[in-house]
Amino acid sequence: VPVKIFHDSDDVSRAVAAEMAQLIQEKEKAGQPCVLGLATGSTPMHVYGELVRLHKEQGLSFKHVVSFNLDEYFPMQPSALQSYRRFMQEHLFDHVDIQPENVHIPDGTIPLHQVARHCEEYEAAIDALGGIDLQLLGLGRTGHIGFNEKGSSRSSVTRLITLDKVTRVDAASDFFGEEHVPRRAITMGVSTILKAKRVVLMAFGENKTSIVTQTVEGPVTAQVAASFLQEHPAAQLFLDYAAASGLT
Ligand code: F6R
């Protein structure tokens, strides 16, 4: 996987936002929708901040952007502090001219017996648009991309999963205690992610050094879902120095 190393996370965020802005503008010129796969969490936060700045200061338009988020906790109310829907509204969607009907996020309020159908429809909606043009990813300490925890196969699709213990520990502060972190989530699968035409994975800080090294230099294995990116023809890793410090 090609790796780009930057001084710090702000530098990465500016570079990634610039690539996304360029793609959005190219697609607009071509008269095509730009289909973005989006992530939540601390890693992409400043990318969204930078995209909002480009919208406000340079007129970057999201009119033709269609978005699909990777995941959502289950169950989860959209208005809850920890919901990924709320995260996206607050960090990006409320500040740009994206059309609400073009925003897709897995629905954490769906009754359990309808989740499988909801997931199938999510996959179908992505396919109907010709697939994701650019997928943004963060990286969990378990090696998850989206919430594809250990054991997620290469062919996995959008589905309900059980969160890893480590992932729930990492989310504990957001939920004011590990016991309040949902045990499950709806996530795009590994195959959903690998179908994207381009993939940009970002990772920052020394907490991610070990899993970055496994992702790039370790075997391709369902034990580290991110390692499947080694087989993607157009995946790139954007790292700060700390996250890259274990690479040979
Ligand atoms: C979020 C997601 C997760 C996060 C990962 C890293 O939508 O899919 O894979 O990207 O857990 O989280 P942060 O960025 O908070 O370290």
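The values are calculated or read from the model by the stated rules, or taken from the named source; none is laboratory data. Source: prediction; values computed, not measured. Neighbour counts run over all protein chains shown; Cβ positions are idealised from the backbone, glycine included. These area figures cover heavy atoms from the full protein model, side chains too; ligands, DNA and RNA do not enter into them. Shrake-Rupley method; radii C 1.70, N 1.55, O 1.52, S 1.80 Å.
Matching residues to (1) in contact (Cβ under 8 Å) with a residue 60 or more places away in the chain; (2) among the polar types (S, T, N, Q); (3) surrounded by 15 or more Cβ atoms within 10 Å (Cβ to Cβ):
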site	(1), (2), (3)
D8	yes, no, no
V16	yes, no, yes
L23	yes, no, yes
E28	no, no, yes
G31	no, no, no
G37	yes, no, yes
T43	yes, yes, yes
H46	no, no, yes
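With the condition kept exactly as written, say whether any residue in the stretch 165-176 is in a helix (DSSP H, G or I), within 12 Å of the ligand (Cβ to nearest atom), open to solvent by 70 Å² or more (accessible area, probe 1.4 Å) and touching a residue at least 12 places away in the same chain (Cβ under 8 Å).
Let us first name the residues in the stretch 165-176 that are in a helix (DSSP H, G or I), namely 165-171.
The next check asks that each one be within 12 Å of the ligand (Cβ to nearest atom); those that pass are 166-171.
From what's left, open to solvent by 70 Å² or more (accessible area, probe 1.4 Å): 170.
Narrowing the set further to residues that are touching a residue at least 12 places away in the same chain (Cβ under 8 Å) leaves 170.
Among the residues of the stretch 165-176, at least one is in a helix (DSSP H, G or I), within 12 Å of the ligand (Cβ to nearest atom), open to solvent by 70 Å² or more (accessible area, probe 1.4 Å) and touching a residue at least 12 places away in the same chain (Cβ under 8 Å), which makes the answer yes.
Return the residue satisfying two criteria in turn: it lies in the stretch 48-70 and is part of a strand (DSSP E or B) and either among the hydrophobic types (A, V, I, L, M, F, W, C) or surrounded by fewer than 17 Cβ atoms within 10 Å (Cβ to Cβ) (or both), and of such residues it is nearest to the ligand (Cβ to nearest atom).
By that ranking, first place goes to F68.
Would the stretch 119-135 turn up any residue that is among the aliphatic types (A, V, I, L, M), open to solvent by 10 Å² or more (accessible area, probe 1.4 Å) and touching a residue at least 12 places away in the same chain (Cβ under 8 Å)?
yes
Looking at the stretch 106-124 only, could you name the residues that are within 15 Å of D71 (Cβ to Cβ) and either part of a helix (DSSP H, G or I) or in contact with a Cys (Cβ under 9 Å, 6 or more places away or on another chain) (or both)?
Quick first cut of the stretch 106-124, residues within 15 Å of D71 (Cβ to Cβ) only: 106-110, 115, 118-119, 122-123.
Result: P106, V115, H118, C119, Y122, E123.
Might you let me know whether the stretch 91-99 holds any residue that is in contact with a helix residue (DSSP H, G or I) (Cβ under 6 Å, 6 or more places away or on another chain), surrounded by fewer than 20 Cβ atoms within 10 Å (Cβ to Cβ) and hydrophobic (A, V, I, L, M, F, W, C)?
Just the residues of the stretch 91-99 that are in contact with a helix residue (DSSP H, G or I) (Cβ under 6 Å, 6 or more places away or on another chain), to begin with: 91-92, 95-96.
Filter again for surrounded by fewer than 20 Cβ atoms within 10 Å (Cβ to Cβ), leaving 91, 95-96.
Among the residues that remain, those that are also hydrophobic (A, V, I, L, M, F, W, C) are: 96.
Looking through the stretch 91-99, at least one residue is in contact with a helix residue (DSSP H, G or I) (Cβ under 6 Å, 6 or more places away or on another chain), surrounded by fewer than 20 Cβ atoms within 10 Å (Cβ to Cβ) and hydrophobic (A, V, I, L, M, F, W, C).
Only one of (1) touching a residue at least 40 places away in the same chain (Cβ under 8 Å); (2) closer than 26 Å to Q82 by Cβ; (3) in a helix (DSSP H, G or I); (4) of a type outside the set (S, T, Y) fails for E179. Which number is that?
The one condition E179 does not meet is (1).
Scan the stretch 200-237 for residues that are open to solvent by 10 Å² or more (accessible area, probe 1.4 Å) and of a type in the set (S, T, N, Q) and jot them down.
Matches in the stretch 200-237: N207, T209, S210, T213, Q214, T221, Q223, Q230, Q236.
Which ones in the stretch 93-109 are farther than 30 Å from V12 by Cβ and without any contact (Cβ under 8 Å) to a residue 24 or more places away in the chain?
Let us first name the residues in the stretch 93-109 that are farther than 30 Å from V12 by Cβ, namely 101, 107, 109.
Matches in the stretch 93-109: E101 only.
Among the residues of the stretch 88-103, is there at least one that is more than 13 Å from the chain's Cα centre (by Cα), part of a strand (DSSP E or B) and under 16 Å from I186 (Cβ atoms)? Spell out the reasoning first.
Keep residues of the stretch 88-103 that are more than 13 Å from the chain's Cα centre (by Cα), which gives 89-103.
Now drop any that are not part of a strand (DSSP E or B), which leaves 103.
Among the residues that remain, those that are also under 16 Å from I186 (Cβ atoms) are: 103.
There is at least one residue in the stretch 88-103 that is more than 13 Å from the chain's Cα centre (by Cα), part of a strand (DSSP E or B) and under 16 Å from I186 (Cβ atoms).
What tally of residues in the stretch 94-146 results from selecting those that are aromatic (F, W, Y) and touching an Asp or Glu at 6+ places or on another chain (Cβ under 6 Å)?
So the first thing to find is which residues in the stretch 94-146 are aromatic (F, W, Y), and the list is 122.
If we keep only those that are touching an Asp or Glu at 6+ places or on another chain (Cβ under 6 Å) as well, we get none.
Total satisfying the criteria: 0.
Being open to solvent by 10 Å² or more (accessible area, probe 1.4 Å), within 22 Å of P75 (Cβ to Cβ) and of a type outside the set (V, I, T) is the filter here, so list the residues in the stretch 100-118 that pass it. Outline the logic, then answer.
Applying the first criterion (open to solvent by 10 Å² or more (accessible area, probe 1.4 Å)) to the stretch 100-118 yields 100-105, 107, 109-114, 116-118.
Subsequent filtering for residues that are within 22 Å of P75 (Cβ to Cβ) retains 103-105, 107, 109-114, 116-118.
Passing the criteria: H104, D107, P111, L112, H113, Q114, A116, R117, H118.
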